[in-house]
Every structure is written in structure tokens, then in C-alpha cells.
1. Going Cα to Cα from Lys226, which lysines come in below 19 Å? Please leave out same-chain ones fewer than 8 positions away.
2. Taking 0.36 nm per residue of sequence separation and subtracting the Cα-Cα distance, how much length would be gained by fully extending the chain between Leu237 and Ser19, in nm to one decimal?
3. Where the centre of each part is set by its Cα atoms, how far does segment 210-260 sit from segment 30-90, in angstrom?
4. Quick query: amide H of Gly221 versus all other amide H atoms, modeled in the peptide plane; which residues come in under 5 Å with a sequence gap of 5 or more or a different chain?
5. Calculate one ³J(HN,Hα) per residue across segment 194-203 by plugging θ = phi - 60° into the Karplus curve 6.51 cos²θ - 1.76 cosθ + 1.60, and present them in order as whole Hz with x for glycine and proline.
6. List Glu179, Glu103 from most exposed to least, where exposure is judged by having the fewest other Cβ atoms within 10 Å.
7. List residues of segment 221-260, by number, whose backbone nitrogen lies under 13 Å from a label position 7 Å along Cα→C-beta of Gln32.
8. Projected area of segment 211-255, taken from the Cα convex hull and averaged over every viewing direction, in nm²?
Amino acid sequence: MSALVVLNDVSMAYGRGASAVPAIQNVSLEIQKGEFIAVVGPSGCGKSSLMKLISGLHPTSQGSLSVAGEQVTKPLKSVGMAFQNSNLLPWRTCVDNVLLPLEIVPPHRQRIRGQRSQYKQKAEELLHSVGLKGFTEKFPWQLSGGMQQRASICRALIHEPEILMLDEPFGALDAFTREELWCALRDIHAARGVTVMLVTHDLREAVFLADTVYVMSNRPGRIVKKCSVTLPRPRDLDVTYSQEFQDVVHDLRSMIGGQH
């Protein structure tokens, strides 16, 4: 079975010619359909650049990149994205924020006017599934930071993307809320079978959620380690106290800490 995402010796730079700043160098990796991968590494190492490449938001400068067997040459509709800032529009209710991509992404934008009630029901069901029942008509300023991030992830999922890209989605939240959201994301992945790429600084988060963790070097980012996480699923937060879990985290930390 061929992988959903294939990067073969991919490099990327910002700018052109002599002033170009290399961001990623000679990266090769494959992501299987339904796999959950996490990318970790020092600040500024190109983790977010890797995400821009795969989603088609930035071109490669060398190498080949394909998603679902097609070379990536433009932004992909099959990707949903969520970031550290929830970026919810303050004048739209929670459910209307979730519906926003459907007003932009074909074929939904042609249908949403006539089928708004069906689409709204779908958005409400998605919000209920992440614990936001009773909050669908609230505005972002009426929601906690954790609730806003749940809504942001629902917005990234509403058009049923093949790949969910998460860039430091829980970085601004307190530890307790963050662990709650790990469990929500674990359940979304299990229920929907979506392929997930998570960029994070939190090694515990990476090991708890991912099937595979990639460690990147200092800029220009290269993959210096691929770590398969063999902890059985479904994983409960209790696993984070196990020796096996802590050994994997420690191993990753020594890889990142050893880079100067």
C-alpha cells in the first residue's frame, strides 16, 4: 500500500537567489493513511515550514512531494489546519465559526446556502463530540481558551479533510486543559481515522498522541531521528507515568538537547 504523503529529498528556502534562507534540507519521510505523526525539534528548526510544504502553501526548492499520488503544486483542499491561536472570528458564534471553511471550499460553498440547516447540524454534532454541547451559539469571548481550541479543531475537520495539520495547537493552554485536549484529539483520531500531523514543543504530547515522532535538527531542518511509539492504543493519561513512556520522552529529549 502506497503512503498518503511522500517527501523524497525535499528542501525548501524562503526567498530566492543569494539571499535565500534555507529552512528545510534533504527531508525524506512517508505518512501512511490514518497515521498520527508528531514533529518535534528546537525552535526555528523548520517544523512549521514542513507543514506549509505538505499543505501546498509553499513550494519545494528541490526534491519531490506528493499527497495521495499527486505532486503538490498548489494549496490542497484535502488539508484542515489549526494553530496555537484559535483565530475564531469574534462576531461569529461557535457553530458559525466552524461552518466558515464550507463557505470557502468547493463543492460546499456552492451548496451551503441551500443546505445550511444540514451543514449546521453536522457542525453541531462535531462540536458535541468534543464536549461543546450547550456552547454552539456562544461567541468566542464567552468560551475558555480550551473551548476555543476545540472549536478551532472542529473548524479544521468540518470539510472532512484527509489530513489534519496541527501547529502547536495546545501551546498556550495550561497543563490540565492541555491534557484534556490530548484526550479529545486522541478520540477524534480514533473515531474518524483522519491522518494527523502535529507540530509541538511538548515531547509528552508527541509521545502520548503519535504513532511516529520525527525529530528535526536546528535550521536548516533535517530529520535526525524517527521514533516509532509502540505504546498500545487506546492510551489513557495513566500511561504518561509508565517507565516505557518516560523512557521514550527521555530519549527524544536527549536527541534535541544534544543539538547546538
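Throughout, read-outs are computed from the coordinates displayed, never taken from laboratory work. The structure presented is a predicted model; accordingly, all values stated were derived computationally and were not measured. Virtual Cβ from ideal backbone geometry, glycine too; neighbours counted across all protein chains shown.
1. Lys33, Lys47
2. Values: separation 218, 0.36 × 218 = 78.48 nm, distance 4.66 nm.
Computed gain between Leu237 and Ser19 is 73.8 nm.
3. For segment 210-260 versus segment 30-90, the Cα centre distance is 20 Å.
4. The list, which skips near neighbours in sequence, is Ile24, Gln25.
5. So the J values, rounded to whole Hz, are 6, 7, 10, 10, 10, 9, 8, 8, 8, 5.
6. Details: Glu179 16, Glu103 13.
Neighbour counts put them in this order, fewest first: Glu103, Glu179.
7. So the set is 228-230.
8. Working: hull surface 13.6 nm².
The Cα convex hull of segment 211-255, projected and averaged over all directions, gives 3.4 nm².
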